[in-house]
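Note sheet for the following structure.
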Amino acid sequence: MYYSKNFYQIKSNEEIFELVKGEVDEIGYYNLPLQDTSAIKEFSKNVTQKNIAIIGIGGSTLGTYAIYNFLKKAHSYDKTLHFFESTDPMDIKARIKKLELADTLFVVISKSGTTIETISVFKYFASLVKMEPSNCVIVSEDDSKLSDYARKNNLQTFDIPKNVGGRFSVFSAVGLLPLCIVGVDIDRLLGGAKMVKESFFTKKEYYEPTMQKARFMVENKNRFNINVLFSYSSSLEGLNKWYIQLWGESLGKINVNGTRQALTPIGLVGPVDQHSFLQLIAEGKRDKTVTFIKINDFEDDLTIPKGTLDGFDDLDYIDGLKFSELIESQANATIQAIKDLGDIPCDVITIDKVDEFNIAKLMYTFELLTSIVGKFVRINTYDQPGVEAGKIILKSMLKKEKQ
């Protein structure tokens, strides 16, 4: 009789905790909250341009966009971040129209320094504007082609540590540099991440819920293999996109026993997606867990006025209601409706307020959760072999077309 083992014993929380602790000095993102930010702040305070064009893709931009999109509606910045991620020619031209090129700092970000999308867009900008120390800065690994280019042209560089993967790099210069330039308090940002790190590794407030959530997802991964992030604020749309990359690229792997692992992330924004995807959650197949994210204090008093529309007397109960109160009620009603069904696992995360400290706490927690789940399912959380084949094929195709 032939038998091939296709399962593994789920380890105890304590064993997993020790495994995670064991990679703290090897995997660089864990210690990013402890870094010295003085060089970033010194460079940032001398930037005079009002437009900051970030040229990058994936992990080089998603985390930065998540934080910036979350903060910008509640804070006033005198500089603007513009993201150039796509090779879509119409998108490139549309975004360039929003720039005054003479008043733009170009921040080029690529860990490898050879990302085709990034270098392609950078090449195009270099045909429009002369790249000089006064208007261009490079963020890459120290020994990359992009860093070599920077040194040859006397451009300022900031390093991405080799042991920090792109999707875990938001608290490195990848995110800190452009965010600091526009006026985000990066020390407060790192403070939020540091608080979660210290709490988890000293087994305080963040240890138990993070570990238990990871264990639940792993123990139930064959039944509930989809995790829905249902964020109740348009300012969290960027967070959803960042989470989808973090979760999908980290956990969609073949484990040590040759078994394919799949915990599929989906990002929704409430209340908009109450009118679409919620139907699938409520009455569709029971293969999803739902994580709701709410904001406790929007610090915004925008109110639904009274007496502006005739014929809506049956809706006068919303008159005088703050929009922040309305979206809170919409979130709570949806949460209660899901809980009442009794067979859809869900949890609720409440962000205290719209600031750097709180968004960093949430993002660092998700990074930890990803690492823990990776240890539970016995995979390498930090590589991405599944995307490399496409890159190789693309390179080969483009070279052949050039010949």
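Considering segment 214-234, and only residues there that are assigned to a loop (DSSP other than H, G, I, E, B) and charged (D, E, K, R), the residue that is farthest from the chain's Cα centre (by Cα) turns out to be ARG223. Output the residue which, of all residues in segment 346-367 that are open to solvent by less than 40 Å² (accessible area, probe 1.4 Å) and more than 13 Å from the chain's Cα centre (by Cα), is nearest to PHE230 (Cα to Cα). Among them, the one singled out is ILE351.
Among the residues of segment 200-213, those that are in a loop (DSSP other than H, G, I, E, B), on the phi < 0 side of the Ramachandran plot and not hydroxyl-bearing (Ser, Thr, Tyr) comprise LYS204, GLU205. Listed here are the helices (runs of 4 or more DSSP H) enclosed by segment 303-403 that have at least 2 residues being over 22 Å from GLY166 (Cα atoms) and among the acidic types (Asp, Glu): 323-341. Can you name the number of the only condition in (1) in contact (Cβ under 8 Å) with a residue 24 or more places away in the chain; (2) outside any helix (DSSP H, G or I); (3) in contact with a Ser or Thr (Cβ under 7 Å, 6 or more places away or on another chain) that THR157 fails? Result: THR157 passes all but (1).
Only one entry of ALA150, ALA193, ALA173 meets the criterion of being hydrophobic (A, V, I, L, M, F, W, C), over 30 Å from VAL24 (Cβ atoms) and either touching a residue at least 60 places away in the same chain (Cβ under 8 Å) or buried (at least 21 other Cβ atoms within 10 Å of the Cβ) (or both), and that entry is ALA150. Within segment 13-34, is even one residue touching a residue at least 60 places away in the same chain (Cβ under 8 Å), in contact with a Ser or Thr (Cβ under 8 Å, 6 or more places away or on another chain), outside any helix (DSSP H, G or I) and farther than 29 Å from VAL377 by Cα? No, every residue in segment 13-34 fails to be touching a residue at least 60 places away in the same chain (Cβ under 8 Å), in contact with a Ser or Thr (Cβ under 8 Å, 6 or more places away or on another chain), outside any helix (DSSP H, G or I) and farther than 29 Å from VAL377 by Cα.
Confirm whether VAL164 is outside any helix (DSSP H, G or I) and touching a residue at least 24 places away in the same chain (Cβ under 8 Å). Criteria met by VAL164.
Is one or more of the residues making up segment 229-237 touching a His at 6+ places or on another chain (Cβ under 9 Å) and not acidic (Asp, Glu)? Scanning segment 229-237 turns up no residue that is touching a His at 6+ places or on another chain (Cβ under 9 Å) and not acidic (Asp, Glu). Within segment 307-331, the set of residues being in contact (Cβ under 8 Å) with a residue 12 or more places away in the chain and loosely packed, with under 10 Cβ neighbours inside 10 Å comprises GLY307 only. Within segment 235-264, being at pLDDT 95 or above and of a type in the set (Lys, Arg) holds for one residue alone: LYS241. Name the single residue, out of those in segment 218-228 being touching a strand residue (DSSP E or B) at 6+ places or on another chain (Cβ under 7 Å) and either without any contact (Cβ under 8 Å) to a residue 24 or more places away in the chain or aliphatic (A, V, I, L, M) (or both), that is surrounded by the fewest Cβ atoms within 10 Å (Cβ to Cβ). Among residues in segment 218-228 that are touching a strand residue (DSSP E or B) at 6+ places or on another chain (Cβ under 7 Å) and either without any contact (Cβ under 8 Å) to a residue 24 or more places away in the chain or aliphatic (A, V, I, L, M) (or both), the one surrounded by the fewest Cβ atoms within 10 Å (Cβ to Cβ) is ILE226. Each residue in segment 270-286 was checked for being open to solvent by less than 90 Å² (accessible area, probe 1.4 Å) and among the β-branched types (Val, Ile, Thr), and 1 of them qualify.
Residues are listed down the side, and each one gets a yes or a no for (1) open to solvent by 30 Å² or more (accessible area, probe 1.4 Å); (2) within 30 Å of GLY56 (Cα to Cα); (3) out of contact with any helix residue (DSSP H, G or I) (no Cβ under 8 Å at 6 or more places or on another chain):
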residue: TYR206; (1), (2), (3): yes, no, no
residue: SER250; (1), (2), (3): no, yes, no
residue: LEU268; (1), (2), (3): no, yes, no
residue: LYS288; (1), (2), (3): no, no, no
residue: ILE293; (1), (2), (3): no, yes, no
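Under the condition of being in contact with a Lys or Arg (Cβ under 9 Å, 6 or more places away or on another chain) and under 19 Å from VAL139 (Cα atoms), the residues counted in segment 57-82 number 10. Does ILE335 satisfy being farther than 30 Å from LYS21 by Cα, open to solvent by less than 20 Å² (accessible area, probe 1.4 Å) and over 23 Å from the mean Cα position of the chain (by Cα)? Criteria met by ILE335. Filtered by the rule that a residue be surrounded by 19 or more Cβ atoms within 10 Å (Cβ to Cβ) and assigned to a helix (DSSP H, G or I), segment 79-118 gives a lone residue, THR118.
The values are calculated or read from the model by the stated rules, or taken from the named source; none is laboratory data. Quantities reported herein were computed from a predicted structural model and do not represent experimental measurements. Note: ideal-geometry Cβ built from the backbone for every residue, glycine included; neighbour counts use all protein chains shown. Only protein heavy atoms, including side chains, enter the accessible area calculation; ligands, DNA and RNA are left aside. Shrake-Rupley method; radii C 1.70, N 1.55, O 1.52, S 1.80 Å.
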